[in-house]
1. Could you tell me whether any residue of the stretch 3-26 is β-branched (V, I, T) and not in a loop (DSSP other than H, G, I, E, B)?
2. Looking only at the stretch 184-204, count how many residues are of a type outside the set (G, A, S), at pLDDT below 95 and open to solvent by 10 Å² or more (accessible area, probe 1.4 Å).
3. Might you check whether a residue that is open to solvent by less than 10 Å² (accessible area, probe 1.4 Å), touching a Pro at 6+ places or on another chain (Cβ under 6 Å) and of a type in the set (G, A, S) occurs anywhere in the stretch 12-33?
4. Looking for something over 30 Å from D108 (Cβ atoms), β-branched (V, I, T) and in contact (Cβ under 8 Å) with a residue 60 or more places away in the chain - is there at least one such residue anywhere in the stretch 11-24?
5. I97 - would you say it is buried (at least 16 other Cβ atoms within 10 Å of the Cβ), within 30 Å of L163 (Cβ to Cβ) and at pLDDT 95 or above?
Amino acid sequence: MAPIKGLIFDFNGTLFFDSELHLRAFFEAFARYGAEPRNNEFMLRTFFGRSNEDIFRGFYVPGASDELLADFEEYKESRYQQLILAEPDRYRISDDICRMLDFLKNSDIPYCIATGSPKLNVDFYLKELSLDRWFSYDNIIYATGEFSGKPAPDIYLIAAKRLGLTPADCAVFEDGTSGITAAKAAGAGKIIAVWEEGYPSPLRDGLTVDETHHDFKDWKRIFSSLFEKSF
């Protein structure tokens, strides 16, 4: 197999460890709408990586109007953002990831984010987490409702095209079962699972990846292996 040429990162749970906050916000949102919340294991396995539309219409209110969906999304994500802002020292992009992204910004390696998050969260990340140090809307693909979300391959097909590459040229970093499934369906050249330590593995029902990690402390070795040169 030829060396990898570009990198595609999921964001939540991969570059930013926020799984606990999404779980809390989902529980609060479901209570507000009179929906029975699922347990954490189910939500981690089934919801994470999917868009709010897929979750709300797929598991709770199949015929939800656009207005009701927008209201649900606004409430859930606003609560999630409040939880981040309440503990800024804890919920931030780690130093290892900052160093890795600094390197990528100053390299000739194409890279982007492919996330199931909606625009209101992307706006928040760019401003409040200073994600604009490394990313802009040119290299962030997010849920717009215009394509099928993970586990469908669409977002990774779009991300590879945005980089000017084929999916086989790209390595995907993912924390979710649905995201890994999407990357496989897209034909990603390499898939590296990166998920928060203490949370269940996304590798269920025979799902496999090329490497597994709980952080990016070893990013130079990972990159050296992917690009077949030393960093």
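1. Looking for residues that are β-branched (V, I, T) and not in a loop (DSSP other than H, G, I, E, B), one finds at least one in the stretch 3-26, hence yes.
2. 7
3. Checking the stretch 12-33: not a single residue is open to solvent by less than 10 Å² (accessible area, probe 1.4 Å), touching a Pro at 6+ places or on another chain (Cβ under 6 Å) and of a type in the set (G, A, S).
4. Scanning the stretch 11-24 turns up no residue that is over 30 Å from D108 (Cβ atoms), β-branched (V, I, T) and in contact (Cβ under 8 Å) with a residue 60 or more places away in the chain.
5. Taking the combined requirement at face value, the residue satisfies it.
Quick grid of which residues meet (1) at pLDDT below 85; (2) under 25 Å from F216 (Cβ atoms); (3) open to solvent by less than 60 Å² (accessible area, probe 1.4 Å):
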site: G49; (1), (2), (3): yes, yes, yes
site: F59; (1), (2), (3): yes, no, no
site: E67; (1), (2), (3): no, no, no
site: Y80; (1), (2), (3): no, yes, yes
site: Y91; (1), (2), (3): no, yes, yes
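Conditions (1) surrounded by fewer than 20 Cβ atoms within 10 Å (Cβ to Cβ); (2) more than 28 Å from F26 (Cβ to Cβ), marked per residue:
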{"position": "P110", "(1), (2)": "yes, yes"}
{"position": "F124", "(1), (2)": "yes, no"}
{"position": "S148", "(1), (2)": "yes, no"}
{"position": "A160", "(1), (2)": "no, yes"}
{"position": "C170", "(1), (2)": "no, yes"}
{"position": "A182", "(1), (2)": "no, no"}
{"position": "G206", "(1), (2)": "yes, no"}
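To keep it simple, each residue is scored yes or no on (1) touching a residue at least 60 places away in the same chain (Cβ under 8 Å); (2) part of a helix (DSSP H, G or I).
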residue	(1), (2)
Y75	no, yes
R79	no, yes
R90	no, no
D96	yes, yes
I113	yes, no
Y137	no, no
A152	no, no
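The values are calculated or read from the model by the stated rules, or taken from the named source; none is laboratory data. What you see is a predicted model; the values in this text were computed from it and never measured. We place every Cβ from the backbone using ideal geometry, glycine too, and count neighbours over all the protein chains shown. All accessible areas refer to the heavy atoms of the entire protein, side chains included, with ligands and DNA or RNA removed. Shrake-Rupley method; radii C 1.70, N 1.55, O 1.52, S 1.80 Å.
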